[in-house]
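A.B. asks: The following block contains the structure, expressed as structure tokens.
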């Protein structure tokens, strides 16, 4: 469709006042979006908090248009609340050539031999944490998974040890949790006094910056810096095409970005995995046999992909139109936001047979489609740590299945709980473990 032939208007939407729509979204997000889709179809217009006038998309051909659009036409960093929270050196804050330049520096950290080196760290952290878990009593797994993913990232990405590891483990969980909860509440991010969320966020960020400054100084003084394989050391050695190095501020922001993107999200997916497996014993038995007989990880990876389809931790991703953007039979005006509704697409029977059923076999021997399975986003902004997250989930799940028997349950599935950015199981992914006989 050529631009001079485009005459269509915005997709349909409700006529409620802007602030009424934003309030409904904050209070009744799922119900609101579900009703709008039933009424208007796969594409509709809505006013969202922070983003304003937005077009919600739940159709693969339109998702492809969004993900393959020129980087200067549909942007992300321009309106990213996460980028605003983390800082200008974050991938979340960048667009266009700057984003591509930064992404090229980071991607090598999550490919090839480096990934194999991270596996041993993750397995060590998983075994250490699982050894403390209770037996024969139901408990929430998400806090434990959070500790595994946090310590794994602190060691593999930050290269933290001893006092640095302890200090970061103390400051980062409250920093990330608070930032996540304030993502859609920009007014509360302001420093309005000593006891306000904004001031607390500022204090936590100052502590984080101080620790990273100390670590950078120690790394630069280390004669073995060239031999280290953690991501911080790699970024300290990296150079842009013009020969310049990353600034300290950029390194701090990017490390925090990698933590924010891979810590809580991966732990939440693992908690959802436990929640799903306890209600699908036929899959759990097969997974246990696969893990205990070292029979590869085909079913395990398919299970992880199915968890991410049925229980996507991040239910949507978005772009911002810098100019009028033709989208199917409509036009999204400049200044509007486009939301790719991952959860709606994942649960659509047109794209997945019996979509509400948990069926990992649908992904055995089948690569997930780029535009109907989108837990990591897509296009040039697809999560650079996706492979790391999958490897981490694979290792932790293998260790869990090798060490324990996970009891089944006939209890209803856990409800979705909004944690600001991510959606977690309402009871924290309850488990009942027995030591393997």
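A.B. asks: Of everything in segment 63-75, what is crowded, with 21+ Cβ neighbours inside 10 Å and out of contact with any strand residue (DSSP E or B) (no Cβ under 6 Å at 6 or more places or on another chain)? Give them in sequence order.
C.D. replies: none
A.B. asks: So which residues in segment 222-264 are over 29 Å from residue 181 (Cα atoms), in a helix (DSSP H, G or I) and free of Cβ contacts under 8 Å to residues at least 60 places away in the same chain?
C.D. replies: 225, 226, 227, 236, 237 - these are the residues of segment 222-264 that are over 29 Å from residue 181 (Cα atoms), in a helix (DSSP H, G or I) and free of Cβ contacts under 8 Å to residues at least 60 places away in the same chain.
A.B. asks: On to the next question. Quick test for you: out of 375, 355, 384, 368, pick the one residue that is in contact with a helix residue (DSSP H, G or I) (Cβ under 8 Å, 6 or more places away or on another chain), assigned to a loop (DSSP other than H, G, I, E, B) and farther than 15 Å from residue 312 by Cα.
C.D. replies: Result of the check over 375, 355, 384, 368: 384.
A.B. asks: Being surrounded by fewer than 19 Cβ atoms within 10 Å (Cβ to Cβ) and in contact with a strand residue (DSSP E or B) (Cβ under 6 Å, 6 or more places away or on another chain) is true for just one of 295, 316, 334. Which residue is that?
C.D. replies: After ruling out the rest, the residue left standing is 334.
A.B. asks: I'd like to check something: does segment 51-58 contain any residue that is within 22 Å of residue 375 (Cβ to Cβ), more than 20 Å from the chain's Cα centre (by Cα), part of a loop (DSSP other than H, G, I, E, B) and modelled with pLDDT of 90 or more?
C.D. replies: No, the conditions are met nowhere in segment 51-58.
A.B. asks: Something else about it: For segment 110-134, which positions are in a loop (DSSP other than H, G, I, E, B), in contact (Cβ under 8 Å) with a residue 40 or more places away in the chain and within 22 Å of residue 403 (Cα to Cα)?
C.D. replies: Scanning segment 110-134 gives 133, 134.
A.B. asks: What's the number of the only condition in (1) within 21 Å of residue 80 (Cβ to Cβ); (2) part of a loop (DSSP other than H, G, I, E, B) that residue 319 fails to meet?
C.D. replies: Failing condition for residue 319: (2).
A.B. asks: Would you check which residues across segment 105-128 are over 22 Å from the mean Cα position of the chain (by Cα) and under 17 Å from residue 393 (Cβ atoms) and list them?
C.D. replies: Matches in segment 105-128: 120, 124, 127.
A.B. asks: So, one more: Quick check on segment 137-154. Is at least one of its residues over 21 Å from residue 207 (Cβ atoms), out of contact with any helix residue (DSSP H, G or I) (no Cβ under 8 Å at 6 or more places or on another chain) and free of Cβ contacts under 8 Å to residues at least 60 places away in the same chain?
C.D. replies: No, because not a single residue in segment 137-154 is over 21 Å from residue 207 (Cβ atoms), out of contact with any helix residue (DSSP H, G or I) (no Cβ under 8 Å at 6 or more places or on another chain) and free of Cβ contacts under 8 Å to residues at least 60 places away in the same chain.
A.B. asks: Could you list, in sequence order, all residues of segment 37-49 that are over 14 Å from residue 20 (Cβ atoms) and surrounded by 16 or more Cβ atoms within 10 Å (Cβ to Cβ)?
C.D. replies: 37, 40, 42, 43, 44, 45
A.B. asks: Check residue 243 against each of (1) in contact with a helix residue (DSSP H, G or I) (Cβ under 7 Å, 6 or more places away or on another chain); (2) surrounded by fewer than 18 Cβ atoms within 10 Å (Cβ to Cβ); (3) at pLDDT below 90; (4) farther than 18 Å from residue 91 by Cβ and name the one condition it does not meet.
C.D. replies: Every listed condition holds for residue 243 apart from (1).
A.B. asks: Does residue 405 count as closer than 19 Å to residue 270 by Cα, modelled with pLDDT under 95 and over 14 Å from the mean Cα position of the chain (by Cα)?
C.D. replies: The answer is yes for residue 405.
The values are calculated or read from the model by the stated rules, or taken from the named source; none is laboratory data. Just so it is clear, the structure is predicted and the values come from calculations on it, not from any experiment. We place every Cβ from the backbone using ideal geometry, glycine too, and count neighbours over all the protein chains shown.
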